[in-house]
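Below is one structure; the comments refer to it alone.
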Ligand code: SF4
């Protein structure tokens, strides 16, 4: 299989979407006003320590507006740039399975009915917030329209999980992934490079661990600090070391080399919200980061998976 393009030496989301749907496909983030058990007091009030008090999904729509209004606003904006295209509904903000099943059914059904060109439903959530009946329903829905579940791992290291108040264990993550895979639902896992206390080797180990989870996609983010997060507020009082761009690029190149070649790379950088942003500055330069990663992969003569199972790349 060779799913790489001359531009990227990894299996990019764009390549996958064009191959699967035969056209440009946009993600349309919608905000249904969900909360998060790690923020509402169920698990904790502080959230994961990198997450702003406003919650995750800063680019999702305004929850005070109807789904329809949010959808058409973003769709029209996307079409200014790309006249043609189909859509993936993306429930991005906070924990998008954190509600009773009947409410979720109503919401997802309403969202996928918004436009005949909607080709998939993508739901971001936590590994400990998907009940069996919700999963059963999503498996049935997945037979009508592709459903993707996006699950945060961030790091496979228990000490990091505890230090950053993620509120789940590696075992809980693995159990959830196993159940989702049994239902044949496409799974995208989110990891973060540059979490306090982690070495390059630890981050690479997290990527290697993903190969054992039978998942279909990965989002690789760089840690950025935002106002309203525990890490951000700590940094303002007493700055601590953060990854540099060159170190991040070096780490991502190694992670891509290790990841199986058929895992789709949904992202290779974060996308910080400018109004809440604190540091590091380079994380704002999305295209610079992407170009540097491409450059590094070429320099090292790496393609995604060239070190998977320690196979040499020729
Ligand atoms: S990162 Fe996600 S799981 Fe963690 S507190 Fe924020 S919304 Fe909740």
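The values are calculated or read from the model by the stated rules, or taken from the named source; none is laboratory data. What you see is a predicted model; the values in this text were computed from it and never measured. FYI the Cβ positions are ideal-geometry reconstructions off the backbone, even for glycines, and counts take in every protein chain you see.
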(message) Would you confirm, using the coordinates I've provided, whether residue 110 is touching a helix residue (DSSP H, G or I) at 6+ places or on another chain (Cβ under 7 Å) and surrounded by fewer than 20 Cβ atoms within 10 Å (Cβ to Cβ)?
(response) yes
(message) Of everything in the range 183-208, what is under 30 Å from residue 53 (Cβ atoms) and touching a strand residue (DSSP E or B) at 6+ places or on another chain (Cβ under 8 Å)? Give them in sequence order.
(response) 187, 188, 189, 190, 191, 192, 193, 194, 195, 203, 206, 207
(request) Of the numbered conditions (1) buried (at least 16 other Cβ atoms within 10 Å of the Cβ); (2) more than 16 Å from the ligand (Cβ to nearest atom); (3) in a loop (DSSP other than H, G, I, E, B), residue 174 fails exactly one; give the number of that condition. (result) (3)
(request) All but one of (1) exposed (fewer than 14 other Cβ atoms within 10 Å of the Cβ); (2) more than 24 Å from residue 164 (Cα to Cα); (3) at pLDDT 95 or above hold for residue 309, so report the exception by its number. (result) (3)
(message) Can you say whether residue 222 is within 26 Å of residue 38 (Cβ to Cβ), surrounded by 15 or more Cβ atoms within 10 Å (Cβ to Cβ) and in contact with a helix residue (DSSP H, G or I) (Cβ under 8 Å, 6 or more places away or on another chain), as far as the supplied structure shows?
(response) yes
(request) Have a look at 231, 256 and point out the one that is under 20 Å from the mean Cα position of the chain (by Cα), over 26 Å from residue 216 (Cβ atoms) and assigned to a helix (DSSP H, G or I). (result) 231
(request) Tell me which residues, restricted to the range 192-209, are surrounded by fewer than 18 Cβ atoms within 10 Å (Cβ to Cβ) and within 18 Å of residue 235 (Cα to Cα). (result) 196, 197
(request) Taking residue 168 as meeting all but one of (1) in a loop (DSSP other than H, G, I, E, B); (2) within 15 Å of residue 149 (Cβ to Cβ); (3) more than 16 Å from the ligand (Cβ to nearest atom), write down the number of the exception. (result) (3)
(request) Give the residues of the range 1-23 that are part of a loop (DSSP other than H, G, I, E, B) and over 26 Å from residue 252 (Cα atoms), sorted by residue number. (result) 22, 23
(message) Here is a check on your reading of the model: is residue 4 over 14 Å from residue 86 (Cα atoms), touching a helix residue (DSSP H, G or I) at 6+ places or on another chain (Cβ under 9 Å) and buried (at least 17 other Cβ atoms within 10 Å of the Cβ)?
(response) yes
(request) Being touching a strand residue (DSSP E or B) at 6+ places or on another chain (Cβ under 7 Å) and surrounded by fewer than 18 Cβ atoms within 10 Å (Cβ to Cβ) narrows it down to one of 35, 23, 15, so name that one. (result) 23
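Conditions tested, residue by residue: (1) crowded, with 19+ Cβ neighbours inside 10 Å; (2) modelled with pLDDT under 95; (3) closer than 25 Å to residue 150 by Cα; (4) touching a strand residue (DSSP E or B) at 6+ places or on another chain (Cβ under 7 Å).
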residue	(1), (2), (3), (4)
253	yes, no, yes, no
257	yes, no, yes, no
262	no, no, yes, no
266	yes, no, yes, yes
292	yes, no, no, no
295	no, no, no, no
298	no, no, no, no
(message) Looking at the range 176-192 only, could you name the residues that are under 9 Å from the mean Cα position of the chain (by Cα) and closer than 16 Å to residue 121 by Cα?
(response) 188, 189
